[in-house]
Each structure stands twice: as C-alpha cells, then as structure tokens.
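Peer 1: Starting off with a structure, shown below.
The values are calculated or read from the model by the stated rules, or taken from the named source; none is laboratory data. This is a predicted model, so every value here is computed, not measured. All Cβ positions, even for glycine, are placed from backbone atoms using ideal geometry, and neighbour counts span all protein chains on display. All accessible areas refer to the heavy atoms of the entire protein, side chains included, with ligands and DNA or RNA removed. Shrake-Rupley method; radii C 1.70, N 1.55, O 1.52, S 1.80 Å.
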Amino acid sequence: LVDGDLLSWTGKTSEVYSTISSTPAYAPTLLGSIPDMGEQEAMAALDAALQAYDQGQGTWPTMKVRDRIACMEKFLDQMKSKRDPIVTLLMWEIGKSLPDSEKEFDRTVEYIEDTIEEYKTLDRNAARFDKHDGVYAHIRRGPLGVVLCLGPYNYPLNETFALLIPAIIMGNTTVFKPAKHGVLLITPLLEAFQNSFPKGVINVLFGRGRAVAAPIMKTGKVDVLALIGNSKSANALQDQHPKSNRLRLVLGLEAKNPAIILPDADLDLTVQECLSGTLSFNGQRCTALKIVYVHKTVEKAFLDRFTKAVDEMTFGNPWDPGVKLTPLPEPGKSDYIQELIDDAVGKGARILNEKGGTRYDNFIWPAVLYPVTEEMRVYKEEQFGPVIPVVPFTSIEEPLNDMAKSNYGQQVSLFGKDIRALAPLIDTLANLVCRVNLNSSCQRGPDVYPFTGRKDSAQSTLSVYDALRSFSIRTFVAFKDN
Ligand code: G3H
C-alpha cells in the first residue's frame, strides 16, 4: 500500500511457510507469498509519507481532531470484521494458541478504542489555558513528522499497532513494515487502511528490513524510528541514519527479566506464576521471566513442584483445546535452544525435568537447567524461547548484583510474603528496572501502565497514555496579560 494505492505486484516474491505441519510426516506448510519489495518501493512509500505530512502543512497533520478520530473509528469498524482470518493467521504464522490469538486481536481492538479516548482527553486538557508570571499559554500537542514502524513476530498485530496507531492519531504519517513471521495477517487490513485514511498516511511495505527499511533510514528524512524487536535490527537501522539529522527513537527491545524467590514465598502461587511467566507463548515474550533465582532454603521444594508442572504442560497445534506449548515459528530456533542447553550441561548444569530438551519437529520441550552459573551462555543471553535457567542464592545481594551488571532493565518478579521486609528491596529494584511485580509474573499489561525499560531494554515509553506523548511534541501559543 503506497500513496493510497494497492500495488499489483509482478516482481519477485517470497514464500511464507508455517512451521506447523499439515501432514503426519513433518513438512512445513506453504501459506502464501509476499512481494519482495526493494529500494524503489521504499522510496515511493517514503515520498508518499513526506508529501502527506508536508512539513506539518499536509491535510493529515492539520486535520481537526474529530476528523482524525473519525478516520480511526472507520478503520476500527472494518478491522473488527477481520477477526476470523487474522486469528487463523496468527495461529498458522506464529503458532500462537487459539485463546492467545483471540486475546491478541481483542486486546488490539481495545488498545485502539482506549487510544481514541485518551487522545480526546489529551486534546481537551491541551486546550486549557495556563498562566504563570503574567504569561498565558495555550499548550497543544503536535505531530513529529514521518514515522518508520517495525513490529515483532511475537505480537505481529498488537505490538505493531501499539506503535502505528498512536503515531497516526497524533497526526504523523507512517511507513510500516510488518514482521517477518506474522506478515500475511496484515493483508486483510490493507483495504481498511486504504478506505479509512487519506493517501500517504499509512504506507505498507513487504520485504526484508535490509531491502526496504535501511534505504529509508539512509535518506535522513525519517523523524521517528519506532521498533519493537531486537537491538541488532534497531542499531543497524539507526546506523543508517545520517548522524547530523535528529531522530527520535521509540524502541522496545530485549530483556532478561528475573524471578527472585525468597524463603517465605508462597510456593503454590510462585510455581504457577513462574510457569506462565517463563513459558507463555513458549517464552517468546520480551516480558517473559528468563532467569529464576531461588533461595537455597526453598530450592528443593520449589524445583520439585516446578519441574513437575513443566512436564505436565501439553504440546500441540495452536487450535488444540487446552494446549500450552506450540510449534516455534522461527526455523532454527530449537537448534539455538539446544545449543544453550548443551553449553550449560557441558559446564555442569543438569536438566531437572524428564522431558526437558526432547525434540518434536521444530519444537523443543522446555528444559529446567540447574544450577546455572555465570559462565554459561543462558545466564546472560536472552533465550526468547523454551529453556529455564535456575540460579540458587543465599544472599539477596547475588541477584541484585547480577541485575546491576546486566545490559537489560525491564522488569523483575519478586516472590515473598512479608511486604514490610520487602519494602526496602522494592526501592532498590525500582532503580534497576522499570516494573517490580510482587508475587506475580512479569507482563506488559494492563496497557494503560507504562511499558518501558532501562539500559538496552527500551527507549521512550509505550502505553495507551504514554505512546501518544512519545509520538508527539508539546507546542504552545503564549501571550501576555497587557
Ligand atoms: O514481547 C514482549 C511483549 O510486549 C510482551 O507482552 O507481557 O503482554 O505478553 P505481554
């Protein structure tokens, strides 16, 4: 979708496969194909976004708030009718279970509805006059320009839209490249984009990031790089941008969120939270618990229950009732997880659960590794998949020191009963990460809460409330009382 036109594509295409097999003898399933776009289409998309923005003079950035909202509501209505095909594609393209796929769709609809409401409030508040020292100010919020949006494969709809929707509603124009896995599910929405927004406001490019996003960054004409994914891609794109041109970054990147289990933790609750925290969507969440620190006094009691619970999970296709573990969408991912397991075992860790490391086609059963030490790769690397490193500790200083040394700083989960004793610890943790979860696993929602991180985990803040601010700038009209 470039400049309001759905291009009829005759060029090279790439086939999109599902790692879910539709035959008993394992073979990936061909789902469709996407255009392999390149620099020419990328430049056309950028030009369309630049023209629609027109240095802030374009129809979109100058459009009345209520009219921009009307466009968004029109889009939302059409999107709602695409629930079935999008949910089906979420299951086939990324292997997300049916309830989680439905949740991703519904959460996105809700996110758009809430963003519209928040935008109305933002605009009402901005219209108020302020007065200080005899100077009146009429403060507004305005767009920043052209936003390049790239979303991740684990939430190809929801997280991409968590960038795209606030960027657009604030009056920016966009070029958007869907994730590599979870790309076909954007196609049912192309016509809705086309019907709902003026041309050039949303331009959608298919192809590799290197082929389409890099040339766009090179021009130096992008005002905001908005990406949820890994820092390798973010850095590569940022490096293309001419250093002399200013660029705002809205980034959601890696994390190595720890669970810290204290001696007085409620173990039934802790096991359940650690199970969903480490293994929801096979651990493919930036907010997943990626390392578990357990106090020596409760390690046996915790690990006995936890390993049993891991092996009681069910593996199957996303639409199977009650399924918890599903095929991994990235080819080669199981091999990477296997490497982490082999490395840890080679350096002295044990796989505690019986099924741990068992391979099924493109899936590997989650392995609980214990005791994990500093020299093992899984101690530091963000596994983003089904393997759980467990580290025993005797003094709270041990996990705290690790967190302080880590390159990441998104969230932590703290399990313990004595809230008074926890209070000083919570203060320390809050300076190491951006969200401290008490007796619950790490997560992004509810979407009104700030979603961000310290160090390499993020830049800028996302949420229904914050994203509108991340994609805009405050301007004001001032006049004196004279
Ligand atoms: O990949 C990171 C996601 O933002 C995780 O979101 O906690 O809602 O699963 P979630």
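Peer 1: I'd like the distance separating the alpha-carbon centroids of the range 149-167 and the range 220-256, in whole Å.
Peer 2: Taking the Cα centre of each part, the range 149-167 and the range 220-256 sit 15 Å apart.
Peer 1: Using a simple spin-label model with points 7 Å from Cα along the Cα→Cβ vector, what separation in nm is obtained for Thr88 and Arg377?
Peer 2: 3.9 nm
Peer 1: Sticking with this one: What ³J(HN,Hα) values, in whole Hz, does the Karplus curve 6.51 cos²θ - 1.76 cosθ + 1.60 give for the range 369-383 when θ = phi - 60°, with x put for Gly and Pro?
Peer 2: Result, rounded to whole Hz: 9, 8, x, 8, 10, 3, 7, 8, 4, 5, 5, 10, 5, 7, 5.
Peer 1: Once the convex hull of the C-alpha atoms of the range 89-218 is built, how many Å³ does it hold per residue, rounded to a whole number?
Peer 2: For the range 89-218, the hull spanned by Cα atoms encloses 132 Å³ per residue.
Peer 1: On a full-extension model of 0.36 nm per residue, what is the gain between Lys455 and Asp304, subtracting their alpha-carbon distance, rounded to one decimal in nm?
Peer 2: Extending this stretch completely gives an extra 50.9 nm.
Peer 1: Report, to one decimal in Å, the Kirkwood hydrodynamic radius for the range 44-159 based on all distinct Cα pairs.
Peer 2: It works out to 17.1 Å.
Peer 1: So for the range 398-469, considering every pair of alpha-carbon atoms, how many percent are separated by more than 18 Å?
Peer 2: 42 percent
Peer 1: Let me know the volume per residue of the alpha-carbon convex hull for the range 1-88, in Å³.
Peer 2: 137 Å³
Peer 1: Another question, if that's okay. Rounded, prolate or oblate: which one fits the range 362-482, using the alpha carbon gyration tensor with axes a ≥ b ≥ c (rounded when a/c is under 1.5, else prolate when a/b beats b/c, else oblate)?
Peer 2: Note, shape of the range 362-482 comes out prolate.
Peer 1: In nm², what is the average projected area of the convex hull enclosing the Cα atoms of the range 1-51?
Peer 2: Dividing the Cα hull surface by four gives the mean projection, 4.7 nm².
Peer 1: Tell me which lysines have Cα within less than 21 Å of Lys131's Cα, excluding those fewer than 8 residues away on the same chain?
Peer 2: By straight Cα distance, Lys131 reaches Lys480.
Peer 1: Separate question: Tell me, what is a quarter of the convex hull surface for the C-alpha atoms of the range 380-428, in nm² with one decimal?
Peer 2: 4.3 nm²
Peer 1: Which far-off residues, 5 or more places away or on another chain, put their amide H under 5 Å from the one on Ile202, with H placed in the peptide plane?
Peer 2: Thr174
Peer 1: Looking at the P(r) of the chain, how many percent of alpha-carbon pairs lie beyond 44 Å?
Peer 2: 17 percent
Peer 1: Pairs Lys243/Lys333; Lys82/Lys177; Lys290/Lys355; Lys256/Lys405; Lys103/Lys417; Lys218/Lys333: which exceed 23 Å Cα-Cα?
Peer 2: Beyond 23 Å between Cα atoms: Lys243/Lys333; Lys103/Lys417; Lys218/Lys333.
Peer 1: About its Cα centre, what dipole magnitude does the range 4-127 give when the only charges are +1 on Lys and Arg Cβ and -1 on Asp and Glu Cβ, stated in debye to the nearest 20?
Peer 2: Charge dipole, the range 4-127, about its Cα centre: 220 debye, nearest 20.
Peer 1: Ok, one more. Please state the relative contact order of the chain as a whole percent: Cα pairs under 8 Å, 6+ residues apart?
Peer 2: The value is 18 percent.
Peer 1: Quick one: which residues, 5 or more positions from Leu289 or on another chain, have an amide H under 5 Å from its amide H? H modelled 1.01 Å from N in the peptide plane, none for Pro or chain starts.
Peer 2: Thr278, Cys442
Peer 1: Any idea what % of Cα-Cα pairs in the range 302-345 are farther than 17 Å?
Peer 2: The share of Cα pairs beyond 17 Å in the range 302-345 comes to 56 percent.
Peer 1: Another one. Given a 1.4 angstrom probe, I'd like the percentage of the accessible area of the chain that is carbon and sulfur, rounded to a whole number.
Peer 2: 50 percent
Peer 1: For the charge dipole of the range 264-327, defined by +1 on Lys and Arg C-beta atoms and -1 on Asp and Glu C-beta atoms about the Cα centroid, which residue among Leu275, Leu303, Ala288 has the Cα displaced farthest towards the positive pole?
Peer 2: Ala288
Peer 1: If you don't mind, there's one more thing I want to ask. Hey, what's the chain come to in accessible area per residue, 1.4 Å probe, Å²?
Peer 2: Per-residue value: 43 Å².
Peer 1: Grab the Cα-Cα distance for Lys480 and Asp268, subtract it from 0.36 nm times how many residues apart they are, and report the gain in nm with one decimal.
Peer 2: My answer for the length gained is 70.0 nm.
Peer 1: Tell me, what is the 1.4 Å probe accessible area of Tyr336, in Å² to the nearest 10?
Peer 2: Tyr336 exposes around 50 Å² with every protein chain in place.
Peer 1: Please compute, for the alpha-carbon atoms of the range 349-391, the extent along each of the three principal axes and give them in descending order in Å.
Peer 2: Its Cα atoms span 31, 20, 11 Å along the three principal axes.
Peer 1: Can you tell me the alpha carbon radius of gyration of the range 172-305 divided by the globular rule-of-thumb value 2.2 N^0.38 Å?
Peer 2: In units of the globular-protein estimate, the range 172-305 measures up at 1.49.
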